[in-house]
Amino acid sequence: MPDKTETGTLLISMPEIAELAGVQRPVVTNWRRRHRDFPPSAGGHASAPWRRLGTEHMLDR
């Protein structure tokens, strides 16, 4: 079952973001560092998971 926040928001990890995008995980790290509009993590630090919906919107661009 996917991870969720207390409010029910689905969360996604960096390896899962990479899998969705069809890239390796280091590519996601580069995106996070290079693109100011990369969604912030749900926990406020790089190792915390991201909100799945915001991340999917970013990948759709």
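What does the accessible area of Ser13 come to, in Å² to the nearest 10, when a probe of 1.4 Å is used?
40
Roughly to the nearest percent, how much of the accessible area of region 12-61 is carbon and sulfur, given a 1.4 Å probe?
Heavy-atom surface of region 12-61 belonging to carbon and sulfur, 1.4 Å probe: 49 percent.
Probe 1.4 Å, all protein chains in place: accessible area of Thr55 in Å², nearest 10?
That residue has around 0 Å² of solvent-accessible surface.
Just need the Rg to Rh number for the chain, please, alpha carbons only, Kirkwood Rh.
Value, to two decimals: 0.93.
The values are calculated or read from the model by the stated rules, or taken from the named source; none is laboratory data. Remember, predicted model here, so these are calculated numbers, not experimental data. We work out accessible area using only protein heavy atoms, side chains counted, and drop any ligands, DNA or RNA first. Shrake-Rupley method; radii C 1.70, N 1.55, O 1.52, S 1.80 Å.
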